[in-house]
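Asker: Can you read through this structure? Questions will come right after.
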């Protein structure tokens with residue numbers, strides 16, 4: 001069966017004493033708002049306020065923490081402009097953009113199995 005082959009392939013990739021690449025992916029997507037932040041940035045560069053509006057219910061503190069985490073993981077870039085008031089924009093890096101097929105696959109899986 002195909003699903004058994006996939007499970008066996010995944011287990012072969014992740015010996016117990018070596019960090020699994022799947023775990024690394026999940027570390028990036030971890031956090032209540034992280035997935036939605038990345039999804040919003042697929043549409044292009046966003047400012048903090050734009051992200052906050054699109055993520056109804058997220059606190060500014062949580063959004064800031066998630067953005068810093070994604071920046072540290074090199075998934076997004078933060079560009080600050082010396083304006084008054086300061087302008088800060090967030091965009092996906094190539095690493096961040098490479099998550100699109102993973103997120104698309106998750107969407108398809110969810111639609112099939114909801």
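Asker: Rounded to the nearest 0.05, what FRET efficiency do residue 65 and residue 42 have when you use their Cβ-Cβ distance and R0 = 25 Å?
Answerer: Calculated transfer efficiency: 0.75.
Asker: Then there's this: Find how much the distance from residue 21 to residue 95 grows on full extension, using 0.36 nm per residue of separation minus their present alpha carbon separation; answer in nm with one decimal.
Answerer: Extra length from residue 21 to residue 95 when fully extended: 25.2 nm.
Asker: Continuing with this model, one more query. Using R₀ = 30 Å, calculate the FRET efficiency as 1/(1 + (r/R₀)^6) where r is the Cβ-Cβ separation of residue 106 and residue 84; round to 0.05.
Answerer: On the way: r = 41 Å, r/R0 = 1.37.
That gives a FRET efficiency of 0.15.
Read-outs throughout are calculated quantities, based only on the coordinates presented, and are distinct from any laboratory measurement. Quick caveat: nothing in here was measured; it's all calculated off a predicted structure. Ideal geometry is used to build each Cβ from the backbone, glycine not excepted, and the neighbour counts take in all protein chains shown.
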